[in-house]
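What follows is a single structure, written as structure tokens, with notes after it.
The values are calculated or read from the model by the stated rules, or taken from the named source; none is laboratory data. Note that the structure is a prediction, hence the values are computed from the model and not measured. Here the Cβ is made from the backbone with ideal geometry for all residues, glycine too, and neighbour counts use every protein chain on show.
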């Protein structure tokens, strides 16, 4: 049984299906963004209320800038939402490694204990009869 480590990431299928899907959506989006930028180059005045700041930018820069700012905010939102799960996986992986190390150590101790001969076998004779006689007071 293998466990996922803290740094494991989901992988794509062997044929790269996710990569193909990514490019199938990215290329048309970039083409549309380029067409939008070419068609909307008129200047737009942005006023940043409540500050007395104004900026003259092309319409496409304002729209695409707002879009990419939204992407950035969403990415940060989802990254922080997944942070708890990632930390829990790291903790679990650390705990699993500690348990595996303890299991290995205990197996080693058990093997060493099973390898050591018992006291009666080490002397070559069985002393249970002598112990019974001593306990009975006949010794």
Just checking, does region 45-53 include any residue being modelled with pLDDT under 90 and touching a helix residue (DSSP H, G or I) at 6+ places or on another chain (Cβ under 8 Å)? yes
With criteria (1) touching a residue at least 40 places away in the same chain (Cβ under 8 Å); (2) outside any helix (DSSP H, G or I), residue 93 comes up short on (2)
Could you grab the pairs with beta carbons closer than 6 Å, sequence gap of 6+ or different chains, first residue in region 51-72 and closer than 17 Å to residue 36 by Cα, second one exposed (fewer than 12 other Cβ atoms within 10 Å of the Cβ) and modelled with pLDDT of 90 or more? 59/42
When you scan region 54-61, do you find a residue that is outside any helix (DSSP H, G or I), loosely packed, with under 10 Cβ neighbours inside 10 Å and more than 31 Å from the chain's Cα centre (by Cα), even just one? yes
Being under 42 Å from the mean Cα position of the chain (by Cα) and modelled with pLDDT under 90 is the requirement here; does residue 34 meet it? yes
